[in-house]
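Here's the structure, in structure tokens; my notes come after.
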Amino acid sequence: MSPKVVNKDEKRAHILRAALPVFAHKGVNNVKMIDIATAAAVGKGTLYEYFPSKEDLIVGAFTLFADNWSSYLNEQINSLAEPAEIIGQYIRSSLEFFKDNRQLFAILSDMYAAGIPREHREPLFSEFGARFETALQKLSSVIQEGIDQKVFRAVNPREVASIIFAALDGILSQSILNLIEIDSEAPANSLIETLLKGILVDSK
């Protein structure tokens, strides 16, 4: 009988999916690796094979989140051609995705509140930064396309893309604090209207 072939990518994703509710329930600082192994129904040795430390698990969880967010956005905007329409759908789809993945952002908030040990900051944030840079470049290219088509004013594409991300982050942070409700379309519509008024050539 031939040995069972393990799909390592799927196994890794399975462990990450099991880890998220554990982080959310216990808090980042209180979680032990054995807690994750138990939740994922794997041996501790197997867990360390995929994730040598808890910090690697946190990086992995947000990498999975970033990849899923990117795939979801691509599905929502790939059929669109007009830059303004793409920006609007980008904002709506992002908030929709965030709404369905609040758990991850609650974990990130917990991580910031608890403090990140100095020796772990670089591996954690270098991965986050690389994913953020990729997303920023993609959004900047849409804004530049709008400028080239003379639909958008001659703004700085990267600065506007950064402002969009900052606004989305602010809305999400306030939703975690129950200061704003993202289950409705109101925050998305307000952000889109305000943003487009600022960059559309024909906006009054």
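When the stretch 10-64 is examined, which residues are found to be of a type in the set (V, I, T) and assigned to a helix (DSSP H, G or I)? Please lay out each step first, then the result.
In the first step, residues of the stretch 10-64 are kept if they are of a type in the set (V, I, T); the result is 15, 22, 28, 31, 34, 36, 38, 42, 46, 58-59, 63.
Result: I15, V22, V28, I34, I36, T38, T46, I58, V59, T63.
I need the full set of residues from the stretch 148-191 which are among the small types (G, A, S), modelled with pLDDT under 85 and either over 17 Å from the mean Cα position of the chain (by Cα) or over 20 Å from F132 (Cα atoms) (or both), in order please.
Filtering the stretch 148-191 down to residues among the small types (G, A, S) leaves 154, 161-162, 166-167, 170, 173, 175, 184, 186, 188, 190.
Subsequent filtering for residues that are modelled with pLDDT under 85 retains 173, 175, 184.
Of everything in the stretch 148-191, those that are among the small types (G, A, S), modelled with pLDDT under 85 and either over 17 Å from the mean Cα position of the chain (by Cα) or over 20 Å from F132 (Cα atoms) (or both) turn out to be S175, S184.
Give me the pairs: first residue in the stretch 11-36 and free of Cβ contacts under 8 Å to residues at least 24 places away in the same chain, second residue part of a loop (DSSP other than H, G, I, E, B), beta-carbon distance under 7 Å, and six or more apart or on different chains, which are they?
Listed by first residue and then by second, the contacts come to V22/V31.
Looking only at the stretch 40-65, how many residues end up being within 12 Å of F128 (Cβ to Cβ) and free of Cβ contacts under 8 Å to residues at least 40 places away in the same chain?
The number of residues fulfilling the criteria is 1.
Can you pull out the residues in the stretch 163-189 that are surrounded by 13 or more Cβ atoms within 10 Å (Cβ to Cβ), closer than 15 Å to G88 by Cα and small (G, A, S)?
Selection gives A167, A188.
Restricting to the stretch 65-93, name every residue that is in contact with a helix residue (DSSP H, G or I) (Cβ under 9 Å, 6 or more places away or on another chain) and not in a helix (DSSP H, G or I).
Selection gives L80, E82.
With respect to E193, determine if the residue is exposed (fewer than 15 other Cβ atoms within 10 Å of the Cβ), free of Cβ contacts under 8 Å to residues at least 60 places away in the same chain and not in a helix (DSSP H, G or I). Reasoning before the result, please.
Working: exposed (fewer than 15 other Cβ atoms within 10 Å of the Cβ): yes; free of Cβ contacts under 8 Å to residues at least 60 places away in the same chain: yes; not in a helix (DSSP H, G or I): no.
The answer is no for E193.
Could we say that V142 is without any contact (Cβ under 8 Å) to a residue 40 or more places away in the chain and buried (at least 18 other Cβ atoms within 10 Å of the Cβ) here?
Numbers: without any contact (Cβ under 8 Å) to a residue 40 or more places away in the chain: no; buried (at least 18 other Cβ atoms within 10 Å of the Cβ): yes.
No; evaluated as a whole, the condition is false for this residue.
The values are calculated or read from the model by the stated rules, or taken from the named source; none is laboratory data. Source: prediction; values computed, not measured. Glycine gets a Cβ as well: all are built from the backbone with ideal geometry, and neighbour counts include every protein chain shown.
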